[in-house]
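Participant: Just passing along the structure, written as structure tokens.
Values in this text are rule-based calculations from the coordinates and carry no lab data. As the structure is a prediction and not an experimental result, all values here were calculated from the model. Every residue, glycine among them, receives a Cβ derived from its backbone with ideal geometry; neighbour counts consider all protein chains shown.
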Amino acid sequence: MARLVRLVMRIGLPPTLGLESLVAYACYWIDTDQAGANSGGMTRPYFFGYGSLVNRKTHTFTDMSPATLTGWRRVWRQTTYAPRPILTIEPCAGVTVSGVIAHVPNDDWSTLDAREHAYDRVALGSGLSHASTAPSMVATYSIPTEKFPQPTKPRPIHLSYLDVVIQGYLTEFDEATAMQFFATTVGWDAPIKDDRHNPAYPRHQSLTKGERAFVDKALAETRRREALSDADGTSP
């Protein structure tokens, strides 16, 4: 426990995190810290993106390549911080999410940290898989359950944001991987807000008719499946 407390202070994780989240994040950091030590301490930082960062139109980061992260799942986190649920990831055994890794510009996290200011930056180790030989360390962004209060009523998922995420997966991967996004994300019981004509998401993009049709069909199928799971008690 004493070592865990020291790690919390060293990594900069909020001390208000629950014990389960602290242990999960600390284990990933230990793996990465050991990898850095074995490589002589040289660092070339990369980030793992699993949402809007997959869409190249939302940033100018280069050197992107596909990656997967096992032992985590996406979740639409309901908070009082934002008018919509925030897409994040959390530890979850047996689940693998697809995404991308990309080099942190100038090895300086400040730009990314500013963009993802609502999130905690978490170092990754075991569970991350990619073909690139460049990264010496990879981190991602996550919002623990305990970070923000939950709203009294669920807040709606904005289509202007979901569109951007799925467009990224369709562009970088394929329809099968885009469908996997829906399957490896929880929280689809939230209301849906169609703000496409007046987008609330500041990095919104224009979608082709095909891309929009894919989003609408996949979302409808996912919500129908979630409703059936809730009805028979098999939802996560």
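Participant: With the dipole of region 145-215 worked out from charges on the C-beta (+1 for Lys and Arg, -1 for Asp and Glu) around the Cα centre, which of Phe214, Phe181, Thr145 lies farthest toward the positive end?
Facilitator: About the Cα centre, the residue reaching furthest to the positive side is Thr145.
Participant: Right, here's the next one. Based on the alpha-carbon gyration tensor of region 110-236 and its eigenvalue square roots a ≥ b ≥ c, which shape applies: rounded if a/c is under 1.5, prolate if not and a/b is larger than b/c, or oblate?
Facilitator: It is rounded, given that a/c, with a ≥ b ≥ c, falls under 1.5.
Participant: Would you kindly state how much longer the chain becomes between Arg224 and Thr96 on full extension, computed as 0.36 nm times their sequence separation minus their alpha carbon distance, in nm to one decimal?
Facilitator: So the extension gain works out to 43.8 nm.
Participant: Please give the peptides 196-209, 128-141, 155-168 ranked by average Cβ packing (other Cβ atoms within 10 Å per residue), highest first, as a rough proxy for protection.
Facilitator: Answer by packing, highest mean first, reads 155-168, 128-141, 196-209.
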